[in-house]
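Colleague: One structure coming up, written as structure tokens, with questions to follow.
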2 protein chains.
Amino acid sequence: MKAIIQQDTDNPSSLELTEVDTPTIKKGEVLIEVKAAGVNRADLLQAKGHYPPPEGASEVIGLEISGVIADAGDSDFEQGQEVAALLAGGGYAEYVAVPKGQVMRLPEGFSFEHAAAVVEVACTVWSNLVMEAGLKEGQTILIHGGGGGIGTFAIQVAKALGAKVAVTAGSKQKLDRCRELGADILINYKEQDFAEELKNQCDVILDIIGAKYLKQNLKALAKDGHLVTIGLQGGTKEDLNLGIVLAKRLTLQGTTLRSRGTQAKAEIVAATVDNIWPMLEDGRVKHSLHATFPLAQAADAHETLESGEVTGTLVLTV
Amino acid sequence: MKAIIQQDTDNPSSLELTEVDTPTIKKGEVLIEVKAAGVNRADLLQAKGHYPPPEGASEVIGLEISGVIADAGDSDFEQGQEVAALLAGGGYAEYVAVPKGQVMRLPEGFSFEHAAAVVEVACTVWSNLVMEAGLKEGQTILIHGGGGGIGTFAIQVAKALGAKVAVTAGSKQKLDRCRELGADILINYKEQDFAEELKNQCDVILDIIGAKYLKQNLKALAKDGHLVTIGLQGGTKEDLNLGIVLAKRLTLQGTTLRSRGTQAKAEIVAATVDNIWPMLEDGRVKHSLHATFPLAQAADAHETLESGEVTGTLVLTV
């Protein structure tokens, strides 16, 4: 089969379609004929050699796909069934083998292209906001990077849950977009100190920054507050004052979706389909495609995502 | 009524029996005639002025008692019923008013003296090991200060849950005691580096040290590991490497029992009675009294606890 493998990490744009062996399925896996593959920032990192696949995962780039079941293995799926899947890798390809717990139905009314683009963000947002941080109706959540792919999705899910939503972003344009999606408190981090604005108010913070925001996040958290860090765009090392952590009974958690085990991913996929798919189907959560590229033009898709001029998700079609 | 109030924090031993107003109960509270009051390290801190009571709590020292219901208020308890209670303060006294959710039955076969001494440690251990850190059968827990009051209790509860238990302590004598209670891995922190011995192995760490152990704790935690810090004997400030936190998907949590709200305490008390009382009643968890003192001799009890020569709990009798 044909697949995209990065063979020269010094040249991230050298992604080329290569002939590789079609994967064979192991116990508990299904084989999917890929119709569309979502493009994620983690793919850009992997193309640069900064985000190697977890042990045992495919060398092929790609964390989310849609397609049809080519071999149902020992699963309850049927050959030909239309599905989407969360992957540890292997999505930029004609076929991919996936643990059956990571395979899910398409949201009703969603095309292959659109479904492929929503899996990773939906699983990331549901697992972190609800399964880890326990966000509940009436609580206040602060979402950093409110204008980004995860941020825009998280705002809508948090509002659907009945939470009060604060966001940070770096431009009026992005903050206007956050307001349209339902955000209640808009903070331009270039002009305002979010910790001062939200001192002791945040029950949950969804953080993609890390070290640079750690002290401010601690200040912004309310008693029993929960900080979930899923990205380290602002570095890794910072002083921690455990006196504040104890006095406010805080929880600081770091996590990544991709590195999790098969069992954990299956639980996340099941909960995401149960909770987020209905939100997508009745329009409480909107998700937009920015553009589609043929699989062979993966390098162009990466350049477009890298450029930062993207307001929705990019998808490769196979 | 008579009660112990610290009026001179420069002289921790000046604790004297004073005449104060008998407390009146508010909605949702019961009045208990105190028979025995447990003595905790937090009481020593409060006597030195270092641990002021939470807002709205009694100025009277004392976090756990047993006694009989003097006024059941709007609760389902009955006047004269023998009970124990978890307090935000007010225990070193003839009467105390307590939110009804913090009042519990005595463990079967327990005297007033013994019951008064077990409330705080049992609630601390159950809430942190299970309700916060989610300790499960087959997991590995590291308990710092294994020879102390919380440590010896936590070892037994963790073993009763089917966990593998590692402990740190500073003497062979204390480690021998930990082994008798069931600890599987014994580490003398004066001679060994626990992080090296337990690298990537601990699903849960119960920590009373804080900053001084933070880096080692992160190293000792397994993937998805959970560090619960409930004391800061080793300071408050330390560098944190969030790269490790994300890569291992760690949770770092700080908490104190006393500062929690009424609802949270009621949930903890209910779960503790459901889970720990049976362990005390059938002997899976043993708990010993070191000595009893009359209420008027609270200062002597504090001096004895301060001396460090205590292998069980101290109780004041009223």
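The values are calculated or read from the model by the stated rules, or taken from the named source; none is laboratory data. Here the structure is a predicted model, which means the values were calculated and not measured. Don't worry about glycine lacking a Cβ; one is built from the backbone with ideal geometry, like all the others, and counts go over all protein chains shown.
Colleague: Here is a check on your reading of the model: is B:Ile155 buried (at least 24 other Cβ atoms within 10 Å of the Cβ) and either basic (Lys, Arg) or not assigned by TED's automatic domain parsing to the domain that holds B:Val285 (or both)?
Modeller: yes
Colleague: On to the next question. Give the residue, chosen from A:Ala183, A:Ala270, A:Ala195, that is outside any strand (DSSP E or B) and either in the same structural domain as A:Arg284 (by TED's automatic domain parsing) or modelled with pLDDT under 95 (or both).
Modeller: A:Ala270
Colleague: Moving on. Can you pull out every residue in the stretch B:98-115 that is touching a strand residue (DSSP E or B) at 6+ places or on another chain (Cβ under 8 Å), within 24 Å of B:Gly73 (Cβ to Cβ) and assigned to a helix (DSSP H, G or I)?
Modeller: Those that are touching a strand residue (DSSP E or B) at 6+ places or on another chain (Cβ under 8 Å), within 24 Å of B:Gly73 (Cβ to Cβ) and assigned to a helix (DSSP H, G or I): B:Lys100, B:Gln102, B:Phe112, B:Ala115.
Colleague: Condition check: within 30 Å of A:Gly56 (Cα to Cα), of a type outside the set (Ser, Thr, Tyr), more than 9 Å from chain B (Cβ to nearest Cβ) and out of contact with any Lys or Arg (no Cβ under 9 Å at 6 or more places or on another chain). Does A:Leu206 satisfy that?
Modeller: yes
Colleague: While we're on this one: Return the residues of the stretch A:44-68 that are touching a Ser or Thr at 6+ places or on another chain (Cβ under 8 Å) and buried (at least 22 other Cβ atoms within 10 Å of the Cβ); say none if nothing qualifies.
Modeller: Scanning the stretch A:44-68 gives a single hit, A:Ala47.
Colleague: Quick one: which residue in A:Ser259, A:Ser307 is at pLDDT below 95 and under 30 Å from B:Lys215 (Cβ atoms)?
Modeller: The conditions single out A:Ser259.
Colleague: Report yes if A:Val60 is modelled with pLDDT under 95, touching a strand residue (DSSP E or B) at 6+ places or on another chain (Cβ under 9 Å) and not hydroxyl-bearing (Ser, Thr, Tyr), otherwise no.
Modeller: Answer is yes for this residue.
Colleague: Which condition number does A:Ala220 fail, the rest of (1) touching a residue at least 40 places away in the same chain (Cβ under 8 Å); (2) of a type in the set (A, V, I, L, M, F, W, C); (3) within 10 Å of chain B (Cβ to nearest Cβ) being met?
Modeller: (3)
Colleague: Can you tell me which of (1) modelled with pLDDT of 95 or more; (2) in contact with a Pro (Cβ under 8 Å, 6 or more places away or on another chain) is the one A:Gly89 doesn't meet?
Modeller: A:Gly89 satisfies all of (1) modelled with pLDDT of 95 or more; (2) in contact with a Pro (Cβ under 8 Å, 6 or more places away or on another chain) except (1).
Colleague: Looking at the structure I just gave you, is A:Ile25 in a loop (DSSP other than H, G, I, E, B) and either at pLDDT 95 or above or farther than 26 Å from A:Thr262 by Cα (or both)?
Modeller: Values: in a loop (DSSP other than H, G, I, E, B): yes; either at pLDDT 95 or above or farther than 26 Å from A:Thr262 by Cα (or both): yes.
Here the answer is yes, as A:Ile25 does meet what is asked.
Colleague: Could you grab the pairs with beta carbons closer than 8 Å, sequence gap of 6+ or different chains, first residue in the stretch B:166-188 and at positive phi, second one charged (D, E, K, R)?
Modeller: So the pair list comes out as B:Gly182/B:Lys159.
Colleague: Could you please let me know if A:Leu86 is within 21 Å of A:Ala183 (Cα to Cα), buried (at least 24 other Cβ atoms within 10 Å of the Cβ) and touching a residue at least 60 places away in the same chain (Cβ under 8 Å)?
Modeller: no
Colleague: Let me ask another. Can you find a residue that is under 30 Å from B:Ala133 (Cβ atoms), small (Gly, Ala, Ser) and assigned by TED's automatic domain parsing to the domain that holds A:Ala271 anywhere in the stretch A:100-107? Working first, answer last.
Modeller: Initially, the stretch A:100-107 is screened for residues under 30 Å from B:Ala133 (Cβ atoms), giving A:101-102.
Checking which are small (Gly, Ala, Ser) leaves us with A:101.
Checking which are assigned by TED's automatic domain parsing to the domain that holds A:Ala271 leaves us with A:101.
Taking every residue of the stretch A:100-107 in turn, at least one turns out to be under 30 Å from B:Ala133 (Cβ atoms), small (Gly, Ala, Ser) and assigned by TED's automatic domain parsing to the domain that holds A:Ala271.
Residue-by-condition table, conditions (1) farther than 21 Å from A:Gly67 by Cβ; (2) out of contact with any Ser or Thr (no Cβ under 9 Å at 6 or more places or on another chain); (3) assigned to a strand (DSSP E or B):
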residue	(1), (2), (3)
A:Leu280	no, yes, no
A:Arg284	yes, yes, no
A:Thr292	no, no, yes
A:Ala301	no, no, no
A:Glu309	yes, yes, no
A:Leu314	no, no, yes
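Colleague: Name, by its number, the condition in (1) assigned to a loop (DSSP other than H, G, I, E, B); (2) in contact (Cβ under 8 Å) with a residue 24 or more places away in the chain that does not hold for A:Phe153.
Modeller: Looking at each condition in turn, A:Phe153 falls short on (1).
Colleague: Of the residues B:Leu246, B:Leu280, B:Leu316, only one is of a type outside the set (Phe, Trp, Tyr), over 20 Å from B:Glu120 (Cα atoms) and modelled with pLDDT of 95 or more; which?
Modeller: B:Leu246
Colleague: Also, I was wondering about something else. Return the residue satisfying two criteria in turn: it lies in the stretch A:234-270 and is more than 13 Å from chain B (Cβ to nearest Cβ) and over 15 Å from the mean Cα position of the chain (by Cα), and of such residues it is surrounded by the fewest Cβ atoms within 10 Å (Cβ to Cβ). Before the answer, list the steps.
Modeller: Kept after step one, since they are more than 13 Å from chain B (Cβ to nearest Cβ), are these residues of the stretch A:234-270: A:262, A:266, A:269-270.
Now drop any that are not over 15 Å from the mean Cα position of the chain (by Cα), which leaves A:262, A:266, A:270.
Details: A:Thr262: 15, A:Ala266: 18, A:Ala270: 13.
So, considering only residues that are more than 13 Å from chain B (Cβ to nearest Cβ) and over 15 Å from the mean Cα position of the chain (by Cα), the one surrounded by the fewest Cβ atoms within 10 Å (Cβ to Cβ) is A:Ala270.
Colleague: Among the residues of the stretch B:89-99, how many are crowded, with 20+ Cβ neighbours inside 10 Å and in contact with a helix residue (DSSP H, G or I) (Cβ under 9 Å, 6 or more places away or on another chain)?
Modeller: Number satisfying all stated conditions: 5.
Colleague: Return the total of residues in the stretch A:112-134 being surrounded by fewer than 24 Cβ atoms within 10 Å (Cβ to Cβ), under 24 Å from A:Lys219 (Cβ atoms) and either out of contact with any His (no Cβ under 8 Å at 6 or more places or on another chain) or not aliphatic (A, V, I, L, M) (or both).
Modeller: Count: 3.
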